[in-house]
Amino acid sequence: MSRIIQANLEHLYWIRLLWEMLAVEKPAIHPQFDEHSPDEFTRAVAKAMQDPAIPFAAFLAFKGHRAVGLLAGEIRYRPIGVPHYYGAAHWLYVRPEHRDKGVAGELILAGLQWLREQEIPALGNGHHTTHVDTVEVVSTYGDKSWEERGFTPFAIYHMRDVSDIALGRKPASPQPQRGKEHGQRR
């Protein structure tokens, strides 16, 4: 069993390190990351942790003094359609040598507990609160790990370069950049 903590600014080193491991192991087609991305990621997480208007949380799993897993996300608001509020899990990563040992499940349970504890003003009446009862995740192209956890796919994002569209260039077939086998990062 891991020691799970809700991370704070003192844990940015571990959060960044695990995110960098995820980005190297599982490169995305879009957006692509460059040498500035780790700094941009770290600044964005630090800002979210400090901004009370952003309901954000990050959890770390430790084995001894070493962080072996990360889950981070936030509560988002959707103005049209229901549910209006949902948990958005942005990053889930477990070091390869700690996979299939329950670490991801422990992190997910910590995230769910945090979601249950959050009270959100109900729409139309600030005197009542509501709770988040749905979690949505975005995964990379070909990653089936969330489906394997029982999540239902519901949307597909597409991207294309603006100049290709404007010039009428024939689109190339998407070719995912392959890291490790899809669905194995968590």
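Derivation of every value follows stated rules applied to the coordinates shown; laboratory data play no part. Predicted, not measured: the structure shown is a model, and the values here were computed from it. Every residue, glycine as well, gets a Cβ built from its backbone with ideal geometry; the counts of neighbours run over all protein chains shown.
Structure data summary
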| quantity | calculated |
| --- | --- |
| Cβ-placed point charges (K, R +1; D, E -1), dipole of the chain about Cα centre in debye, nearest 20 | 360 debye |
| Calculated volume of the Cα convex hull per residue in Å³ (choose from (i) 174; (ii) 152; (iii) 144), label | (ii) |
| Aspartates and glutamates whose Cα lies under 18 Å from that of LYS144, excluding same-chain neighbours fewer than 8 positions away | GLU25, ASP100, GLU136, GLU181 |
| Segment LYS170-ALA46, length gained on full extension (0.36 nm per residue, minus Cα span) | 40.5 nm |
| Gaussian network model of the chain, springs between alpha carbon atoms under 10 Å - residue of ARG169, ARG160, ARG116 with greatest fluctuation | ARG169 |
| Whichever lysines have a C-alpha closer than 17 Å to that of LYS63, once near sequence neighbours (fewer than 8 apart) are set aside | LYS101 |
| Charge context of SER2, other residues only, Cβ under 9 angstrom, K/R +1, D/E -1 | +2 |
| Of GLY73, GLY64, GLY102, the one that fluctuates the most in a GNM where the chain has Cα springs shorter than 10 Å | GLY64 |
| Formal net charge of residues neighbouring ALA88 (Cβ-Cβ distance under 11 Å; K, R +1; D, E -1) | 0 |
| 5 angstrom amide H check on GLU136, placed H, neighbours 5+ away | GLY87, ALA88, ALA89 |
| Relative exposure of LEU115, LEU17, LEU71, judged by other C-beta atoms within 10 Å (fewest first) | LEU17, LEU115, LEU71 |
| Cross-link reach list, aspartates and glutamates versus LYS170, counting only Cα pairs under 13 Å and skipping chain neighbours closer than eight places | ASP161 |
| Mean separation of Cα contacts under 8 Å (6+ apart) over length of the stretch 3-166, as relative contact order % | 20 percent |
| Dipole-positive endmost among TYR85, ALA61, PHE151 within the stretch 3-166 (Cβ charges, Cα centre) | ALA61 |
| Computed label-point distance, nm, for sites GLU74 and GLU147 using a 7 Å Cα→Cβ extension | 2.9 nm |
| Environment charge of GLY168, counting only residues whose C-beta is closer than 15 Å and scoring Lys/Arg +1, Asp/Glu -1 | +1 |
